[in-house]
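Undergrad: Sharing a structure, written as structure tokens. Questions coming.
The values are calculated or read from the model by the stated rules, or taken from the named source; none is laboratory data. All values reported here derive from a predicted model rather than from experimental measurement. Glycine gets a Cβ as well: all are built from the backbone with ideal geometry, and neighbour counts include every protein chain shown.
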Amino acid sequence: MKYELKKSTAMVYHIRILEPSRTWADITIEEWKEGGSFKCVSDYGNYSYIWGSIGTETLRGFLCQLNYDYFMGKTHPSLGEQFSIRKSITACRENIIEARRDCDITRAQARVMWEYLEQLEDAGNNENLYFQLITDSDIFDTIYENDYCSIPSHTEKHPQCAGFWRIIWPVAVEIWKEELDAALNKHVDPDVDNLSGISGKSCKVSTNGQQEK
């Protein structure tokens, strides 16, 4: 049997956030020329991706610049955004108001539509059920004229992903920025400690931003 074996250096960050509520994340980063891998296991979900071409910047530096949509689209595309019944119904109500203002519907028709939407609020964030309940009724034909594409459909950040981005991600970014700044000030390669194997780092963070290593 023939095989090749390559060992690489990885950075493991054991982040434990103490306040305002206890939460945790274990993040593993591998960096190589023009790319790297990111893996995270946390109580706000799991995220992973491999970047193959990010230019001359380190992966940590690259990650520090990402926004929510790009990051979730790469590491957790199925959960970054979810259908929002609340936003979609709000948009429907705006359509009703506009149609009433333009005299396309009567006051009685607007009232029937408004009350029907109140019932839809119990459908939860189920996009298929939302469209089914809208299209199965002829109440909205005056506004949407059987054009399903014109029926409002809006999304919102998934609560789990939003929590990760709001609570855990800023801490990780702060840690990486401190590492890269320290490496730059020392005029050394920001690779982790020139170790062969896995480097584990633990960090406890409170709301005042202070870290206990």
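Undergrad: Are any residues in segment 114-153 in a loop (DSSP other than H, G, I, E, B) and closer than 25 Å to residue 81 by Cα, and if so, which ones?
TA: Kept after step one, since they are in a loop (DSSP other than H, G, I, E, B), are these residues of segment 114-153: 124-126, 136-140, 145-147, 151-153.
Scanning segment 114-153 gives 124, 125, 126, 147, 151, 152, 153.
Rundown of residues vs (1) modelled with pLDDT under 95; (2) surrounded by fewer than 16 Cβ atoms within 10 Å (Cβ to Cβ); (3) of a type in the set (Phe, Trp, Tyr); (4) within 30 Å of residue 126 (Cα to Cα), yes/no style:
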residue: 20; (1), (2), (3), (4): yes, yes, no, no
residue: 28; (1), (2), (3), (4): no, no, no, no
residue: 48; (1), (2), (3), (4): no, yes, no, yes
residue: 69; (1), (2), (3), (4): yes, yes, no, yes
residue: 74; (1), (2), (3), (4): yes, no, no, yes
residue: 80; (1), (2), (3), (4): yes, no, no, yes
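Undergrad: Among the residues of segment 54-78, how many are within 10 Å of residue 161 (Cβ to Cβ) and assigned to a helix (DSSP H, G or I)?
TA: Adding up the residues that qualify gives 4.
Undergrad: Residue by residue through segment 47-69, note down the ones that are polar (S, T, N, Q) and closer than 15 Å to residue 13 by Cβ. Reasoning before the result, please.
TA: Filtering segment 47-69 down to residues polar (S, T, N, Q) leaves 48, 53, 56, 58, 65, 67.
Residues satisfying the conditions are 48, 58.
Undergrad: Tell me, please, whether a residue that is out of contact with any Ser or Thr (no Cβ under 7 Å at 6 or more places or on another chain) and in a helix (DSSP H, G or I) can be found in segment 40-53.
TA: no
Undergrad: Consider segment 70-102. How many of its residues are in contact with a Phe, Trp or Tyr (Cβ under 9 Å, 6 or more places away or on another chain) and within 28 Å of residue 46 (Cβ to Cβ)? Explain how you work it out, then say what you get.
TA: Of all residues in segment 70-102, those in contact with a Phe, Trp or Tyr (Cβ under 9 Å, 6 or more places away or on another chain) come to 71-72, 74-76, 80, 83, 85, 88-89, 92-93, 95-96.
Okay, now just the ones that are also within 28 Å of residue 46 (Cβ to Cβ), so 71-72, 74-76, 80, 83, 85.
Count: 8.
Undergrad: Oh, and also: Name, by its number, the condition in (1) under 19 Å from the mean Cα position of the chain (by Cα); (2) modelled with pLDDT under 95; (3) surrounded by 18 or more Cβ atoms within 10 Å (Cβ to Cβ) that does not hold for residue 63.
TA: Answer for residue 63: the failing condition is (2).
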